[in-house]
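First the structure, in the form of structure tokens, and then the observations on it.
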Amino acid sequence: MKISRPQLLREIRERDGNLSEIARAYGLTYNAVHKRVQGDPELSAAMLESREALVDQAQAKLGEAVRSGSAWAVKFVLETWGKSRGFTKQLEVVEQPTAKPQVVLYLPDNGRRRTI
């Protein structure tokens, strides 16, 4: 089944830019729809706008979950957005630009050199 440009534009907006869903609905491959969207500046812009709107909705729901005291949401926000305040599980190594690298070499004492 073929999809017209106005139809595709409408579908992108209605389906939050989910190209896989659009392709399935019209019996097309994901690659065919993706290629068509990438080749058209207006369709590409609609795609980006749709995805940004979906992220905005997700962020609003996350905020609601945090405000309601949902532990998973609080943990997620602290581990991602709160990293600069020390809320992280990962140890991050920060390289100091003023520190000079130092190499320490330890050789085994195999008894060949004896001090008398």
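Some observations on this one:
- Of all residue pairs spaced 6 or more apart or on separate chains, none has beta-carbon atoms under 7 Å together with a first member in region 71-84 that is touching a residue at least 12 places away in the same chain (Cβ under 8 Å) and a second member that is surrounded by fewer than 13 Cβ atoms within 10 Å (Cβ to Cβ) and of a type in the set (Asp, Glu).
- Region 68-94, residues that are part of a loop (DSSP other than H, G, I, E, B) and either surrounded by 10 or more Cβ atoms within 10 Å (Cβ to Cβ) or at pLDDT 70 or above (or both): Ser68, Gly69, Ser70, Trp81, Gly82, Gly86, Phe87, Thr88, Lys89
- Residue under evaluation Arg36, criteria (1) within 23 Å of the chain's Cα centre (by Cα); (2) outside any loop (DSSP other than H, G, I, E, B), criterion not met: (1)
- Any chance Leu62 is surrounded by 14 or more Cβ atoms within 10 Å (Cβ to Cβ), under 20 Å from the mean Cα position of the chain (by Cα), at pLDDT 95 or above and not in a loop (DSSP other than H, G, I, E, B): yes
The values are calculated or read from the model by the stated rules, or taken from the named source; none is laboratory data. As the structure is a computational prediction, the values presented were derived from the model and not from experiment. Glycine also receives a Cβ, built like all others from the backbone with ideal geometry; neighbour counts cover every protein chain displayed.
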